Amino acid sequence: MKVLVTGGAGFIGSNFIYHMLGNHPEDQIVCVDCLTYAGNLSTLADALKRPNFKFYKTNICDRAAIYDIFNAERPDVVVNFAAESHVDRSIEDPEIFLRTNVLGTQVMMDACRKYGIARYHQVSTDEVYGDLPLDRPDLFFTEETPIHTSSPYSASKASADLLVQAYHRTYGLPVTISRCSNNYGPYHFPEKLIPLMIINALHDQPLPVYGNGQNVRDWLYVEDHCKAIDLIIRKGKVGEVYNIGGHNEMKNIDIVKLICRHLRKPESLISYVADRKGHDMRYAIDPSKIHRELGWLPETKFADGIKKTIDWYLANEAWWSTIVSGEYKDYYEKMYRNR
Ligand code: NAD
Ligand code: TYD
């Protein structure tokens, strides 16, 4: 089958492309990515050598260009990863989040309607459910949890989800949606918690923990997320939402301390800084539906995944040093100076 992957030059999309090329050599993969600050073509260098991989530098909001790609490629399945993905940036400037995450999703689905596809899969996030209180560890997000967003980022992702469901109901578009918890692993952009802390610690720079560091995230190794999406596009039921998560809740402060220990850096590098506006307290996924219906279970334990991730950043300095020495420097200054 031919799978069109948007946002494939970013963190999860690139891992998904390598998962597909490695596990389904009979499939053809077409990647569409406009290479924003978060997209990096060097990440796809190995994929670009493969005869069954093709790359288009195109914005998913560009309707004419997207229609041309569909006309030329006629994909069977579309997996939409392309998005603005960083909550802090969405707080600074929401507009691009609405454009890409909502209107871009609309363009992709219109192309699917026009040219016909077997499946449109929307990669969504647990952040659409809002957050859970710290004093109720018995509560988890299920697929029935009401949408209740906190940030412009999560509101844009929730809007896209609603639109995807509307296209299914109104036009019969064969859709699925997955809502995954926080991912970590190779090619994670340095602005996000885990890579930021690894890279700062390696440079003996302060480790900026927002608020009191007690916020909880439910971390999943990226390869496990990719395997789940692969299962959903092949075996998932049209019209359904699937939550993805591995019951691995960790407080931010404990993650940062763990990174210090792995890198043999002192915890005195930790610096508590002003909290994020509207900061969600706790995310926690109930993944029983995807386990029950599709047999998915996470395979990488956090202790192994975080070690693999740190080792990857140690071995791939060339990848991230190019990023952190470029426009990222200005972003970091703006976000963290005087915080
Ligand atoms: P990322 O920011 O690392 O990558 C996003 C990619 O999309 C980049 O390559 C970028 O160039 C591309 N892109 C952005 N706007 C585009 C546009 N208008 N047209 C074409 N390409 C565009 O993001 P990520 O962390 O890999 O997240 C991928 C998807 O997974 C997103 O939809 C995100 O909401 C979702 N998600 C992420 C996480 C997580 O922990 N990172 C968890 C759950 C869901
Ligand atoms: P992040 O990686 O931005 O993912 P998300 O906000 O989508 O969960 O942040 C993960 C957690 O880490 C979140 O609670 C905010 C916190 N955080 C810090 O404490 N310091 C930082 O510098 C960053 C980037 C995040």
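Rundown of residues vs (1) within 16 Å of ligand 2 (Cβ to nearest atom); (2) closer than 24 Å to E84 by Cβ; (3) in contact (Cβ under 8 Å) with a residue 60 or more places away in the chain, yes/no style:
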position	(1), (2), (3)
H19	no, yes, yes
G22	no, no, no
A38	yes, yes, yes
L44	no, yes, no
A47	no, yes, no
P51	no, no, no
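Applying a threshold of 7 Å to beta carbon distances and a minimum spacing of six or more residues, or different chains, the list of pairs starting in region 210-231 at a residue that is at positive phi and modelled with pLDDT of 95 or more and ending at one that is outside any helix (DSSP H, G or I) and open to solvent by 10 Å² or more (accessible area, probe 1.4 Å) reads G211/D275; G211/H279; G213/K251; G213/Y272.
The set of residues in region 136-168 being buried (at least 16 other Cβ atoms within 10 Å of the Cβ), under 15 Å from N243 (Cα atoms) and either more than 21 Å from the chain's Cα centre (by Cα) or within 14 Å of ligand 1 (Cβ to nearest atom) (or both) consists of F141, K157, A158, D161.
Here region 72-92 is the region considered, the condition is being within 16 Å of ligand 2 (Cβ to nearest atom) and of a type in the set (D, E), and the residue that is most open to solvent (accessible area, probe 1.4 Å) is E92. For N243, the conditions (1) within 15 Å of ligand 1 (Cβ to nearest atom); (2) closer than 24 Å to C226 by Cβ; (3) not in a strand (DSSP E or B); (4) not acidic (D, E) all hold with the exception of (3). Picking from residues in region 55-107 that are basic (K, R) and assigned to a loop (DSSP other than H, G, I, E, B), the one that is nearest to ligand 1 (Cβ to nearest atom) is K57. List pairs: first in region 111-127 and part of a helix (DSSP H, G or I), second surrounded by fewer than 16 Cβ atoms within 10 Å (Cβ to Cβ) and not aliphatic (A, V, I, L, M), Cβ under 6 Å, 6+ apart or cross-chain? Every condition considered, the pairs that remain are A111/Y67; R113/Y171.
Remark: A284 matches the filter, which requires a residue to be closer than 19 Å to V216 by Cβ, at pLDDT 95 or above and not basic (K, R). Across region 176-188, a minimum of one residue is classified as hydrophobic (A, V, I, L, M, F, W, C) and not in a helix (DSSP H, G or I). Here region 209-240 is the region considered, the condition is being in a strand (DSSP E or B) and open to solvent by 10 Å² or more (accessible area, probe 1.4 Å), and the residue that is nearest to G22 (Cα to Cα) is Y221.
The values are calculated or read from the model by the stated rules, or taken from the named source; none is laboratory data. Predicted, not measured: the structure shown is a model, and the values here were computed from it. All Cβ positions, glycine included, derive from the backbone under ideal geometry; neighbour counts span all protein chains shown. Accessible surface is based on the protein model in full, side chains and every heavy atom, while ligands, DNA and RNA are left aside. Shrake-Rupley method; radii C 1.70, N 1.55, O 1.52, S 1.80 Å.
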